[in-house]
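Readers should treat all values here as calculations from the given coordinates under stated rules, not as data from a laboratory. In this text the structure is predicted, and so the values were computed from the model without any measurement. In this analysis, Cβ positions are derived from the backbone assuming ideal geometry, glycine residues included, and neighbour counts consider all displayed protein chains.
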Amino acid sequence: MRKRTRIILVIVIVLASIIWFNYPKLNIISGYASKNLASNVYIAHRTEQAVVDNDNDIPLIKYADENYDTSKKTAYADVFGLMKRETICRDGLGCVLINETFDKNKKWPKPLRVKLKNDLPFPFGENEQEDTVFASVDYQQLNKAMLKVFENNQIQQTRTVFVVYKGQIVAEKYADGFSKDTPILGWSMTKSVLATLFGILEYQEKIDLNEAPFWNGGKNNTLGAITYNHFLRMQSGMAWDEDYASISDVTRMLFLEADMTKAQVQNDLIAAPTEIWNYSSGTTNLLSGLLRSEFKSYQEYLDFPYAALIDKIGMNSMLLETDMAGNFVGSSYGWATTRDWAKFGLLHLYNGNWNGVQLFSPDWIDYITKPTKNSKGTYGAHWWLNAEGKYPDVPTDLYSANGFQGQRVFVIPSKDLVIVRTGLAGSPDFDESTFLKELVQAFK
């Protein structure tokens, strides 16, 4: 009897220790589950069960108990009854994970949108293209590559693939439950969208990338030497921990902070600008805050991404979600259909010229694709690069918007190609290097 009691006591102590050690993580687990469920149901119009069974069936997150209240447009999640988190959805602003101080009765403005409508085919309109056959395309190889990226899909978890060559759709495929009308969360592909807004402001001569936005003339202003350029290149010298498997700077920001634009500036300066390269979602949200400071009113800030970029090129499905303070979460929370993500890539392939309208300077492409010091040729200015052959069998002029779980918009100017792939798995489960190699082989 005593032996059994001791065994039970040991088990209780072990379980209590596990709960005590992981208790702070429960906030992140239930927060992620709640936010991801709400946004997928509200924005992507997917079923609650599909999100729970697939998107949230990942390590740790799968232990959350979650549900979505359709009438209230609200999602809830907890872990074994602990750390209950709530996410609410608002028209035009998307869904936001809230805390106990958030005023759910507050009336928020929403972006004023003028969605592009015309009789033109994709990409400059919403109509379908006429079938075009290119002598320079090996369609057998193209179809082979498209089929392969959906093989073993319990592992690769590819959801959508879209290929545009010389402005024409040459391949398009969707997994069950997804279509050309399904908005997809781009995760960090949103960073490239946020950066493009600064390219537009520069072209409009409203900012200078070499300006230091925190400079106040004081000798002790430690942030005064950091320019927009340093922030866009992730070389500010500020400390940041981009670890999604623990309680880190990035998980605290996304799942605990009310104002995500302030997360990065709370950290120390650990090096002079340009001395280190450190990928930071906090930096992108800091830039979102700096973007907001460029406008006299909150409404102008809300309208700008849509009026200057998103609606201008007919990305009618795109939605940028905001945090509790009303800031665009430029690091992570941009949604768009696969076709609309491709339009974003095409705008860059076309050097900022959209059907005769110049949105940003053609020199912007040279800027964002110039390798950043200490990034080993993999990073430009909020875009990823192939400058030093990360993908050895693909042209080195490839650059891409990259997001968590293998969200990608690849731009390959030398091949006149834009490729979009979305899914629930990145490397190594999704071998993007082989995918790109086999796909590019189809274009002579």
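Overview of values
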read-out: Spherically averaged projected area in nm², based on the convex hull that wraps the Cα atoms of the chain; value: 25.2
read-out: Estimated dipole of the stretch 161-263 in Debye, rounded to 20 [Cβ of Lys and Arg +1, of Asp and Glu -1, Cα centre]; value: 200
read-out: The stretch 368-390 and the stretch 235-312: distance between their alpha carbon centers, rounded to Å; value: 20
read-out: The chain, helix-only ellipticity at 222 nm - DSSP H runs n ≥ 4, -39,500 (n - 2.57), divided by all residues, nearest 500; value: -9000 deg cm²/dmol
read-out: Summed side-chain charge close to Gln129 - residues other than Gln129 whose Cβ falls under 12 Å, Lys, Arg +1, Asp, Glu -1; value: -3
read-out: Relative packing of 146-154, 261-269, which averages over residues the other C-beta atoms within 10 Å, highest first; value: 261-269, 146-154
read-out: Charge dipole (debye, nearest 20) of the chain; +1 at Cβ of Lys and Arg, -1 at Cβ of Asp and Glu; value: 1020
read-out: Convex hull of the stretch 176-298 built on C-alpha atoms - directionally averaged projected area, nm²; value: 10.4
read-out: Loop-resident sites, the stretch 259-351, for GluC sites (Glu not before Pro), counting at most 14 other Cβ within 10 Å (DSSP); value: Glu275
read-out: Distance in nm between pseudo-label sites at Asn67 and Glu300 (7 Å out along the Cβ direction from Cα); value: 4.6
read-out: The stretch 401-444: chymotrypsin sites (Phe, Trp or Tyr not before Pro) in DSSP loop, at most 12 other beta carbons within 10 Å; value: none
read-out: Pair Thr132, Asp366: separation of 7 Å Cα→Cβ label points (nm); value: 2.8
read-out: Difference of contour (0.36 nm per residue) and Cα-Cα distance, Asn374 to Ala258; value: 38.5 nm
read-out: Gain in span if fully extended, Asn216 to Lys148, counting 0.36 nm per residue against the direct Cα distance; value: 18.9 nm
read-out: Loop GluC sites (Glu not before Pro), the stretch 158-218 (other Cβ atoms within 10 Å of the site Cβ: 12 or fewer; DSSP); value: Glu205, Glu211
read-out: Length-normalised contact order of the chain in % [C-alpha pairs under 8 Å, at least 6 apart]; value: 18
